[in-house]
Every structure is written in C-alpha cells, then in structure tokens.
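For reference, the structure is listed below as structure tokens.
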Amino acid sequence: MELFGFNPGDVLSFLLTLFRISVILFLLPFFGGNSIPNPIKAALTLVLAMAVWPQLSFPGSLMPANGIGIALMIIGELILGLILGLLVRFLFAAVQFGGQIIGFQMGFAMVNVVDPITGTSNTATAHFMYMCTMLTFLVLNGHLQLLSALGQSFQYVPPGGLLLTPRMATNMLQYSNIVFTLAIKIAAPVMAALFLVDLALALISRAAPQMHVLTLGFPLKIAVGFFFIGFIFTIMNNYVGDFIQQFGPISTNILKALAPPAPPAL
C-alpha cells in the first residue's frame, strides 16, 4: 500500500540513508564540531540526505524487522562513524602533539587554553597550530574527502553489516603512527633551533657567570621559537596536502576491511 504516493520501500530506503548520514556526519571533525549549532547540523544532514538519496541509497528491505536488529544497526553505524572520524583526527592529534612539544620547549607549558571544539586543554602553540591546520584542511578541500568517504561507505558497508576484522585493526594501527612521526617532523625545526639557543646560553654562562642567563633565556627562546614557527606553516601545508591525497585510498581500504564477505558464487 502506498501512502501519499510513496512506496513504503522508498520511505525505508530514505530513512536508512538519512540515518547513515546523520550518525557519521555528527561524528566527523568540523561537521560534528561543538561550535556548529545542532539545528544547522540537522539541516545539513537532511539536505545532504535528500541530495544523495537518488544515487546513494540502501534498499528498504535492509531495514531490520525487530528491535534487536535495529539496536545492532545503530551500534554498527556508530562504530563506522567513529572509525572514519578517527582517521581524520590522527592528523589533528599529530599537529597538537607537535604544538605541545614546541610549547614545552618555548616555556609555554604552564600557559594552557581550552579548545572550544574538542573541549581539551592545550598549550597556546598547540591550539594555534590546530586552528591553522583546520583552516588549511578546509582550503585544500579536505571536507570534500570526508564526504567522499561517507559516500563510499554506501558501497562497501550495508546497514548492520559492519564487521570488525583483524585486517581493519592492522590498518588502523599502521596508520596511527602518523601521530608520532608527523608530530616530530613538525616540531623538529623548532626543537633544533631552541637546542642551539640553550647551547649558546650554556656557553655564555660559562664564559660570563655574572650574567643572568635565565632572565635572558626566556624571551630569547620565545622569540626564536615564534620565528621558526613562521617557517613551519609552509611545511605543514605540504603535510596536510599529502594527508588529503592519501586519505582517499586509506579510507577505501578501511571500508573494504569493514565490509561483510561476499556470498559464495553458485
């Protein structure tokens, strides 16, 4: 029976599409940030669902017929959104980690600010580099890569068909090393420069013990640190661009690892 000209199967298909987009979109960085009001996110979800439903949708027959099936589907969608969001947060975690190292070397370890997006307390340098990385990510169309990964999830992972496989865990662990490697790459120039400043101050203190090296060292390290941070942004732009280029193949591999096995050919 059709209600107001709509086939019940089409209605269930749209609901499955809307649920997939809403859960994942609210868990992705930038789209699901606390700085965006919930009515705006709800409107974006509804418009996006209506836009992609004619091309990317699930058949209505995949809607679970009982409460247990619906609960399992909800859990699977939440896990899928968390995994896709975690892939992107590796980049921002690496930048924040590098900013924490730089802030510690510059003497900003006791100057913390609360990030309104994540709700965590970071040093001023970590928060500043995080915001610059977010802007660079948006300028280089990183948000479009997030929407592309969301669209690919319709192809590989049906509702309630998500499987946590060892292949997925291995890929996530291998990809998580970006948090440490990229953080060291970002902080290395400033660390090297500040090490030379500390070495020079140590030599000065040996040659002229009457000088107040601590009084001279704090403003000097801050000035040198900010000077070299200015050079880091060009390097970070390249790192963010490489990350966006690699995000597509990596998200595809993760989604393939989450997909249920294909039925055997008869």
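Some points to look at:
- Span from the region 126-157 Cα centroid across to the region 201-266 one, whole angstrom: 18 Å
- Top of Pro166, Pro64, Pro209 by mean-square fluctuation, Gaussian network on the chain, Cα under 10 Å: Pro209
- Here is what passes the span test in the chain: the DSSP H helices with alpha carbon length of 27 Å or more along the helix axis and a Kyte-Doolittle mean of -0.5 or above are 8-27, 67-106, 178-207, 213-258.
- A crude spin-label estimate for the pair Val197 and Ser148, with each label 7 Å from Cα along the Cβ direction, gives 4.0 nm.
- Cα gyration tensor shape for region 32-82, rounded if a/c is under 1.5, else prolate or oblate: oblate
Only the coordinates and a few stated rules stand behind these numbers; no lab work does. None of these values were measured; they are calculated from a predicted model. For neighbour counting, all protein chains shown are included, and Cβ atoms are generated from backbone atoms with ideal geometry for every residue, glycine included.
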